[in-house]
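Trainee: Mind looking over this structure? Questions follow.
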Amino acid sequence: MVDFVVRKAAATAIYEEGERRLRETPMPSGQKYKIGQRVHIAKDLGESMSHFKSDADATVVGVYAHMYGGSDVKSYSLDIDGFGESSWYDENQLTAI
């Protein structure tokens, strides 16, 4: 049980740091969809993402690079209507609405 508590605390700290970065740092260049932008998720996400929510509207939360660093501006975290937050959708699986 102690291991779970430690892992949960570490995960929470990482998530909170990502949220802080979204609030306090500018979006990285090359990010196609901006924070708060509405997008539609493709119906067919491919076999490797068949367990992900598809064919739905969502709001962009951020991209991986903005939230956690690095250079990946093509992987998006979304707040999906009637479903909640989910990550990581490829840029080519999204369409602006």
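The numbers here are math on the coordinates, done by the rules we state, and not lab data. Keep in mind that what you see is a predicted model, and the values were worked out from it rather than measured. Positions of Cβ are backbone-derived with ideal geometry, glycine not excepted, and every protein chain shown enters the neighbour counts.
Trainee: Take region 21-35 and flag every residue that is surrounded by 11 or more Cβ atoms within 10 Å (Cβ to Cβ) and not in a loop (DSSP other than H, G, I, E, B).
Mentor: ARG21, LEU22
Trainee: Report whether or not TYR15 is assigned to a loop (DSSP other than H, G, I, E, B), of a type in the set (Phe, Trp, Tyr) and surrounded by 11 or more Cβ atoms within 10 Å (Cβ to Cβ).
Mentor: no
Trainee: Being in contact with a helix residue (DSSP H, G or I) (Cβ under 8 Å, 6 or more places away or on another chain) and aliphatic (A, V, I, L, M) is the filter; apply it to region 28-48 and report the residue that is nearest to GLU17 (Cα to Cα).
Mentor: The residue in question is ILE35.
Trainee: Could you please find all residues in region 76-97 being without any contact (Cβ under 8 Å) to a residue 24 or more places away in the chain and buried (at least 17 other Cβ atoms within 10 Å of the Cβ)?
Mentor: Across region 76-97, the qualifying residue is only SER77.
Trainee: Would you tally the residues in region 58-97 being polar (S, T, N, Q), within 23 Å of GLU24 (Cα to Cα) and part of a helix (DSSP H, G or I)?
Mentor: 0
Trainee: Going residue by residue through region 69-78, is there one that turns out to be β-branched (Val, Ile, Thr) and farther than 16 Å from LYS32 by Cα?
Mentor: no
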